[in-house]
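To keep things clear, I will list the structure first and then write my remarks on it.
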Amino acid sequence: MNSSIDTLINNTIDNNLKSIAEKVRQQERITDDEAILLFEKGSLAFVGFLANYIRELKHGNTTYFNRNFHIEPTNVCVFSCKFCSYSRLYAHKEEGWELSIDQMLDIVKTYDGKPITEVHIVGGVHPKMNMEYFIELMQKIKAHRPSLHVKAFTAVELDYMFRKAKLSTEEGMKRLHEAGLDSLPGGGAEIFSPEIREQIAADKVDATGWLRTHEVAHNLGMHSNATMLYGHIEKYKHRVDHMRRLRELQDKTGGFNTFIPLKFRNHDNGMSDVPESTITEDMRLYAIARIYLDNFPHLKAYWPMLGRENAQLSLAFGVNDIDGTIDDSTKIYSMAGSEEQTPAMTTEELVTLIKQVKRRPVERDTLYNVVKDFSEIDFANTTTNPLLN
Ligand code: V47
Ligand code: SF4
């Protein structure tokens with residue numbers, strides 16, 4: 001592999017890009033200015049090569065997926081982020097949904113006997129769904145299925161919940177963890193820079209609060225993910241600022257598993273006049289994130305958002321995880337105009353998708369322990385195009 005990166009370095013005319021490629025070869029960290037330079041000048045082929053080089057050093061051909069399902073307790077939300085197509089204000093709550101604890105438990109029960117390892121619970125910030133409500137939910141899920149990993153609540157939901165309960169982040173997190181919360185998903189991060197955050201998500205937890213919530217979780221031994229909502233009104237410098245803050249926290253705690261760039265979708269929201277990013281720009285972003293976030297073990301493409309073929313493509317641009325089998329219960333993206341209106345993929349389809357681009361499909365649990373290596377498993381119809389199924 002080294003000889004091909006040597007060829008890339010030798011053939012790169014721009015001295016600054018050449019020195020970035022040299023750093024990647026030496027496994028050295030790139031600076032913020034270098035990341036901006038990659039956004040400004042790095043061709044798709046150049047950043048893609050470097051990202052793939054890093055991806056293969058870290059993970060070889062392995063591409064992870066998991067078997068999970070989502071529960072969205074409500075889409076009623078006290079906040080009104082401009083990009084959100086999903087939430088309904090409390091004043092219009094009849095237009096939204098609110099699930100009772102029993103209804104959520106019934107969803108969990110529909111997976112009884114199925115080899116699911118994770119439930120992902122994220123929703124709007126409902127003024128009446130408080131800490132006690134969610135503690136009861138965690139306890140009931142764990143009582144029903146103790147081995148199910150509960151990855152739940154964005155830092156936005158947690159910040160609101162703890163403030164309402166008049167608890168410190170430490171105390172609130174500890175209580176939820178004891179009740180059964182295992183890890184945190186990466187949502188609510190959007191773009192940290194106040195310059196942009198104030199325009200798109202003015203009233204919810206700020207960057208400091210988001211990062212602190214994750215730091216507290218990490219200090220309790222929990223893991224979490226991090227996202228970045230990109231491709232709207234932010235500039236390259238805001239993307240790099242966002243990733244820098246994540247890289248710094250990761251240096252401190254090591255608690256992040258995965259970075260998940262989320263492509264802004266413009267359907268039916270307060271930013272519908274903002275055009276969406278192109279696939280080329282999406283792939284360049286994945287690649288630059290892989291190069292810059294040297295201390296993040298995993299980079300995930302969330303396929304319901306990107307679509308199946310683009311998720312396949314991303315596996316050549318640094319991505320080593322394409323999330324889960326999911327099912328059709330998640331609405332946050334379908335309402336924003338994502339590729340998948342009813343996101344659901346069987347294990348067979350996911351495995352086939354990964355194999356079609358010559359990668360090695362490995363089922364993982366939330367913490368990236370290997371559940372099953374599917375590389376040698378030959379489904380009867382792997383030659384069928386899963387996109388037609
Ligand atoms: O924070 C909302 C995003 C996020 C839009 O941790 C939108 O494994 C694009 O964080 N266009 C919530 N994105 C979902 C989330 C997530 C998803 C999958 C896996 C994980 C994980 C986390 O959804 C929000 C926001 O950034 N979002 N509206 C939109 N119009
Ligand atoms: Fe509420 Fe989340 Fe939508 Fe913002 S993105 S309005 S916090 S549901």
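The values are calculated or read from the model by the stated rules, or taken from the named source; none is laboratory data. Here the structure is a predicted model, which is why all the values come from computation and not from measurement. Using ideal geometry, Cβ is built from the backbone for each residue, glycine included, and neighbour counts are taken over all protein chains shown. In case anyone asks, the SASA skips ligands and DNA or RNA and just uses the protein heavy atoms, side chains included. Shrake-Rupley method; radii C 1.70, N 1.55, O 1.52, S 1.80 Å.
Quick notes on this one:
- Inter-site label distance for ASN310 and LYS128 at 7 Å from Cα along Cβ, in nm: 3.7 nm
- In nm, spacing of pseudo-spin labels at GLU22 and LYS252 (7 Å Cα→C-beta vector): 3.4 nm
- For ILE279 and ASP102, the difference between the fully extended length at 0.36 nm per residue and the C-alpha to C-alpha distance is 59.6 nm.
- In range of the label at ASN219: residues from the stretch 243-281 whose backbone nitrogen is under 20 Å from the point 7 Å along Cα→Cβ: 245-257
- Spatially proximal aspartates and glutamates relative to LYS142 (Cα-Cα < 12 Å; intrachain offsets below 8 disregarded): GLU118, GLU178, ASP182
- Measuring nothing but how far apart in sequence close Cα pairs (under 8 Å, 6+ apart) lie, relative to its length, the chain scores a relative contact order of 21 percent.
- Between ASP102, ASP251, ASP323, the residue with the greatest mean-square fluctuation in the GNM of the chain (Cα pairs under 10 Å linked by springs) is ASP102.
- Pairwise FRET efficiency - SER4 versus LYS114, Cβ, R0 = 41 Å, nearest 0.05: 0.45
- Overall shape of the chain was characterised from the C-alpha gyration tensor. The equivalent ellipsoid obtained from it has semi-axes of 33, 25, 20 Å, in decreasing order.
- The stretch 125-272, accessible area per residue, ligands and nucleic acids excluded (1.4 Å, Å²): 37 Å²
- All lysines inside 22 Å of LYS41 as judged from Cα atoms, apart from same-chain residues fewer than 8 positions distant: LYS18, LYS23, LYS235, LYS237, LYS263
- Model label sites at GLU136 and LEU367, defined 7 Å from Cα along the beta-carbon direction, differ in position by 3.0 nm.
- Cross-link pairs beyond the 29 Å C-alpha cut-off, checked among LYS93/LYS140; LYS109/LYS204; LYS58/LYS82: LYS109/LYS204; LYS58/LYS82
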